[in-house]
Amino acid sequence: MRYTLRMPEDDSVVIERLMAGDETAFAVLVRRYEGKLRAYVGQIVGVEEEARDLVQEAFIRVWRNFDQYDRTFRFSTWLFRIAHNLAVDALRRRRQPHVSLTLGEDDEGQEIALDLPDPNRGPLGDLANRELANALRREIDRLPGAYRELIVLRHFVGLAYNEIAELKKLPLGTVKNKLFRAHSVLRQVLGDYLGQVGGPT
């Protein structure tokens, strides 16, 4: 008996099904993006329960306003823009001065190994990793807001540079430049910590 590996349908195919009246297609989109969307919104609002509610609201708005979707843009771009606006509105209601993030990596295409806590390292290794995580959180908080958001989109959500450019309505070169600057700052200020856990300096 032969088994064939079924590849996931492209978003455009799923959307075609949805527009043709197949409501199960919407569940496919929810499963595909719910986790990434929650990670993105969670990093903006900083409260997991609130992020879950905002993601649910984002999908509700997508469902209600699907006829307004411009198919010249990626579905993910439209979805993340809706969620972004909801998250920003939530922050404004709370009047928070900034967004708190946790982790980040990468250096314009080359991953930076931020070796986070590993129970097999032993007491000294655990201590070094905890110090790195705390330092990383502190330094990302100090980045300009626009840089922090790009770090989230790139490393928590996993969007490509061109997808970030579409979402933020920025030139691709601007996105790459800002991320490069953010990575350079983090690598510079965290050099000592990276050396302690065996990462690049």
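Anything in the stretch 42-59 that is at pLDDT 90 or above and within 17 Å of residue 77 (Cβ to Cβ)? List them, or say none.
55, 58, 59
List pairs: first in the stretch 16-45 and touching a residue at least 60 places away in the same chain (Cβ under 8 Å) and assigned by TED's automatic domain parsing to the domain that holds residue 56, second surrounded by fewer than 19 Cβ atoms within 10 Å (Cβ to Cβ) and part of a helix (DSSP H, G or I), Cβ under 7 Å, 6+ apart or cross-chain?
Cβ pairs passing all conditions: 39/156; 40/156; 43/156; 44/91.
Being out of contact with any Gly (no Cβ under 9 Å at 6 or more places or on another chain), over 28 Å from residue 147 (Cα atoms), surrounded by 11 or more Cβ atoms within 10 Å (Cβ to Cβ) and at pLDDT 80 or above: is that true of residue 78 here?
Against the criterion (out of contact with any Gly (no Cβ under 9 Å at 6 or more places or on another chain), over 28 Å from residue 147 (Cα atoms), surrounded by 11 or more Cβ atoms within 10 Å (Cβ to Cβ) and at pLDDT 80 or above), residue 78 does not qualify.
The values are calculated or read from the model by the stated rules, or taken from the named source; none is laboratory data. Note that the structure is predicted; figures quoted are calculated from it, not measured. Positions of Cβ are generated from backbone atoms using ideal geometry, with glycine treated the same way; all protein chains shown enter the neighbour counts.
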